[in-house]
Structure formats: C-alpha cells, structure tokens
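Read the structure below first, then the notes.
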Amino acid sequence: MVELMAVKDYAQQIAEAIATVVKIDIEIADHNLIRIAGTGKYHKGVGHSMDRQGYVYQEVLRTGHQFVIETPGHHPLCSPCKARGNCSEKYEVVSPINVDGKAVGAIGLICFTDAQVKLIEENQHSYLIFITKMAETIALKLKEQEFLTGLVSANHYLNSIIDCLDEGLLTTDLNGNILHFNQASRRLFSSNPLTTHSHLSSLFSEQIAEDILTVGKNKEEVIEREVHVETKKNRVQMVLRALPIDSEEGVRSIAVILRPFDEINRIVNRLTLQDAGYTIKDILGNSETMSQIREQAKTVAASKSTVLIRGESGTGKEMLARSIHNLSPRQAGMFIAINCTAIPETLLESELFGYEDGAFTGARKGGKIGKIELANKGTLFLDEIGDMPLFLQAKILRVLQERQIERIGGINSVPVDVRVIAATHRNLEQMMVKGEFREDLYYRINVIPMHITPLRDRKEDITVLCDHFIRVYNKQLNKNVKSMSEGFQQKLRDYSWPGNVRELQNIIEYAINLTESPIITEAHLSPRLKQTILQDNRSQFNLEDIERETIMKCYQTFEAGVRGKEKTAQALGIGLATLYRKLARYNID
C-alpha cells in the first residue's frame, strides 16, 4: 500500500489552503506519527516525529475516530505529555484519514487564541464536517496515487515481460508510425535505431510495410511474411507476423512479431526430436562390419565434412545419417531429409532452394523457404543423390563450395551453414563414365565414404534384428511372442534378403500379426517369402546362377576401374576380355 508520505506535497497544499481560509493552523501526520504537513509554528516540524506530543493523534490512529479536545493540557489523553497543565494549545480537532477502513494518518485543526476557539465553538458542527471532508480529500489523493503507482508498476512489469521475449515485438498506429518496441527489436534494428518517431517504411520494404498496414483494416486479418533484416553484423532471416490490436474503439494499432528462422528451426527440432532421435545404439548387429560402422560413425560425427553413405535399399542409410547428426555438435539444429527420387524433377529445385514471391505462376504469396535453408546450422540428408538431375547437381555443388544459395526468382545470395550427408544405392563411378553424374560433385560428396553391407552378407545379425522387431511389435500389437522356432530361423538364414533390414522388419510384423502363441514358426512366414525360398532352393544348383554369384562377389572385393577388373580376372583365373563378356552377359555393374 502507498504511504501517506507519497502525497506530502499535496497534503501541505491542503493544510495551507485550510489555514488561509479559516485562519487556524493545521498539521497532518502519517501512521508513524511523522508530521508530513503543517502551518504556522508546525511548519518547521515537517518531517519530524510527533511521538512525544502527539498523544491525541495516537488515539485517533488507534480508534479511527474523530476527537475534539476542548481543554488541551488537561484532557486525560494529555496526561503523558510534558506540557500537561501548561499547553499553548487552547482547542484541538483531530480527524482520521481513513483508507479502506484503516486509519493511515490524521489531520488536526489547532487553536492558539480565544478568538479562534470561539469561532470553532460557535460553528463546531460545520468545522467538524469540514475537517472530515479535508481528510477524505487527502484519502482520495492517496488512493489515486496508489492507483497510479500500480499502473506504473504494472506497466513496468509488462514491459519487463515483453523485453524478456526473444522475439522482436513492436506496435504501430494505422499510419505505420512506431508506438512501442521491446529490447529484442531494438537489438535487431541496431543499424537503424528505433525510436517512437520511426516509420515502418524505414524498417521494411515498401511492399512489406503495405502488407502490414492492410491488417489494420480488418480485425480478423493476420499476415505472415518472410523478411530479411540488415543488422550491423549480418543479414538475419526472419518470419514476420502482423495482427490487429482490437480495443473497445475498434482496431487502432497493429502488433508486429519477428521471429528468427534459426530459433523456429530449433523449436521444431526440439518438438520433433523423437522422429530424428536415432543413436548409434539403434544401429543393431553383432557382425564385424556393423561394429566398424558404429565406430566410424562416432568419429565422423565430430567432423564438418560431407559424408557419402552407400548401400542397398533397406539397409538403414537414413538411420545412420540421423545417428551421425544426433552425435554431432549440430544436434540442436534441424535434420532435414529429402529423397531425390520421391520428388518430381520439376518440384525438386523449389523444394531444395525455395523461391521468392511471384517467382513463377502458382508460387505461394510471400515465397517459400527451401530445405537447405531450413537445415541451416543443422544437417541436410540427400537420399538417393544418384537420381538427382544434372542441372541440380551443379547447384548442389555450389552450395558445397560457396556455402550459399539463391532462391528461385531471387537476386540475393543467402549464406547457409549446412553439413551434407548423401546416400545412394547406385554405382556413381559407372554413372560418371556415362555422363549421368558430375565428377566434381562426386569428389565433393565422397569426402568420407561409408558403406552398409547388405543383410545377406551379415546373416549373423538376423537374430539380433529379429529380437528387436519382436519387442517393437509385441508392444504395438499387444502380443506376447517370446521366441522363434529353429525352422523359422533357418528359413530366414537361407533367404537372400533383397529388401534387406526393411524386408526383415516386414516379415516379423507379418508373423506376429498371424501368431496366437508365444512362438513364431515356419507356418507364420509370408506366402511371398515361402515362394521365394522355394525358388531359391531350386536355383541353387543352376550353374549360371552360381557363376554369376561368384563373379559378382569377386568383383565387389576389388576397387573400381580397370585395375580392379584386372585383379578380378586374375583371381577367377580367366582373361580380361572373358571377364568383360561375362559382366555384360550377367548385367553386373
């Protein structure tokens, strides 16, 4: 609660006004018996304590009632006073200053002459009402001061909250004049200092300023735009959101909120972490090759260099990429995955690089941010990069070399800090020979090569993977499968797994759906797998199949190129020309 001392100047004015009118001295004290106002002989005592003579005031403050002392110095309340029996005061009227039913001070009217006493006695009722009204006037002033102090405090508190926001927040009138801004906005526009005389056109482009002002015409209108703000240090990419501020008189101002793209990315990444939450522990397998992959991933994660993951479809290339990201210093940033095969060639460029407003027919108003920009401070995963069109390969090469992009229809280069992890199942070396893949891009992405061995070459991992998938689908399907029969496990070991781990996962899910017992058996194999195994069993004695398998395994053992083919021919005990004929016959890349 505000103290009476806060309105002492006003109280002094009241005291002097009363004394001038009635020709009688006035003194006012607060609840601590500190004289806050006084006239005549009491004026010099303002600011001092009245505790040694203000015994009547003490009683008024205690009871909250008005007192009239007709015989000062002889009244029972004056008994503790040193001036008892010899008091210079001849008459005293003291009224409490009550606020919310509590006495916070007292105002006294003091007579020193018989003429003053006679005047009051003849008009006592009027003077009592008058002094009571003066006390109420001071009380109202105190309430007003308390209200204003509360407003100031609330305003300061509100401003403190607004200044705690990481987002820039400013308000404008309907003409675009800045009314208010927080500290984040001040820092953001440090190169163009904000004042209450600033205008939207000095902060944003003419088109953006016009778009913001359109919000003021409709209280339901809200716009979002992408903007770039030039600070002293760099060019910051922001999302701008403008919305009307509705009041009893309608829309009179507009709020503009500015959020950095980097911060939005971090929030999205934090909220969707479960989708990218793979770790090295999720890369299962007891085989030597998988152990090496896990160890290599731990080492690679600390680097900024580009990684090329190779392996057949279904081996877990994206899981490995996500694991590397989540082990890296970039784990707080976004992991953005884009499949170069799944997106039509005509849309892939805009997905990767984004576009500006009006870049082409059908372009979204305000433009669109591309996946590369979204991955800023994070990781961009280019799955099946071998299927990327040649013209886009050139643009990706520029991103890797210059660390900047240009949107479709844009004229400004946007710097990006992105680590690229690429993946493919295709033979990029052969594609380079045919002119289907750029050689310069190949060497840019193949800085750290990693290869995931197909499941058929590491069948010792099948049991570990099966146990994991059984636990997953027991929980999802509310089953209680404990184990696999020996016959079921043997069938899995005999299968060639063209779909790799993804196919194994599907097989286990199918089996758990069908079984009602705690054991899955051969009866729970999918019909397609049973048929394929039967065909594989018949073909295992086919000489051409055996020859093809032998040549392929031997060929994959040595490096690519002519030197590798020479070593393969030597190992097989055949001539180089014969090897070329057999490679062509069996369509081996």
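All of the numbers you see were taken from the coordinates with simple rules; none came from a lab. Worth saying up front: this structure is predicted, and the values here are computed from it rather than measured. Virtual Cβ from ideal backbone geometry, glycine too; neighbours counted across all protein chains shown.
Details
- Mean residue ellipticity, 222 nm, helices only, the chain: the sum of -39500 (n - 2.57) across DSSP H runs of n ≥ 4, divided by residue count and rounded to 500, is -13500 deg cm²/dmol.
- Sparse packing (at most 15 other Cβ atoms within 10 Å of the Cβ) combined with a DSSP loop state is found for the following GluC sites (Glu not before Pro) in the range 474-527: Glu516.
- Take every Cα pair under 8 Å whose residues are at least 6 apart in sequence, average their separation, divide by the length of the range 165-260, and the relative contact order is 30 percent.
- Between helix 500-514 and the chain: long-axis angle, C-alpha atoms, 0 to 90°, nearest 10: 80 degrees
- Local net charge near Thr149, Cβ-Cβ under 12 Å (Lys/Arg +1, Asp/Glu -1): -2
- Pairs exceeding 23 Å between alpha-carbon atoms, taken from Lys90/Lys143; Lys41/Lys90; Lys118/Lys141; Lys44/Lys90: Lys90/Lys143; Lys118/Lys141.
- Principal axis analysis of the Cα atoms in the range 272-451 yields extents of 54, 40, 26 Å, listed in decreasing size.
- Spatial separation of Cα centroids for the range 63-126 and the range 298-362, in angstrom: 88 Å
- Relative contact order, whole percent, for the chain stands at 8, derived from Cα pairs under 8 Å and 6 or more residues apart.
- Helix 527-539 and the long axis of the chain differ in direction by around 30°, with both axes built from C-alpha atoms.
- Taking trypsin sites (Lys or Arg not before Pro) as exposed when their DSSP state is a loop state and no more than 13 other Cβ atoms lie within 10 Å, the longest site-free interval of the chain runs over 83-231.
- Across the chain, the longest piece that holds none of the chymotrypsin sites (Phe, Trp or Tyr not before Pro) lying in DSSP loops with up to 11 other C-beta atoms within 10 Å covers 1-359.
- With neighbours defined as other Cβ atoms within 10 Å of a residue's Cβ, the residues Leu477, Leu170, Leu380 order from fewest to most as Leu477, Leu170, Leu380.
- With neighbours defined as other Cβ atoms within 10 Å of a residue's Cβ, the residues Ile369, Ile309, Ile129 order from fewest to most as Ile129, Ile369, Ile309.
- Proxy reagent accessibility, fewest Cβ within 10 Å first, across Met319, Met134: Met319, Met134
- Given [x] 1.04; [y] 0.95; [z] 1.32, the label whose value is Rg/Rh (Cα atoms, Kirkwood Rh) derived from this model: [z]
- Between helix 576-585 and the chain there is an angle of about 70 degrees, using the helix long axis and the longest principal axis of the Cα atoms.
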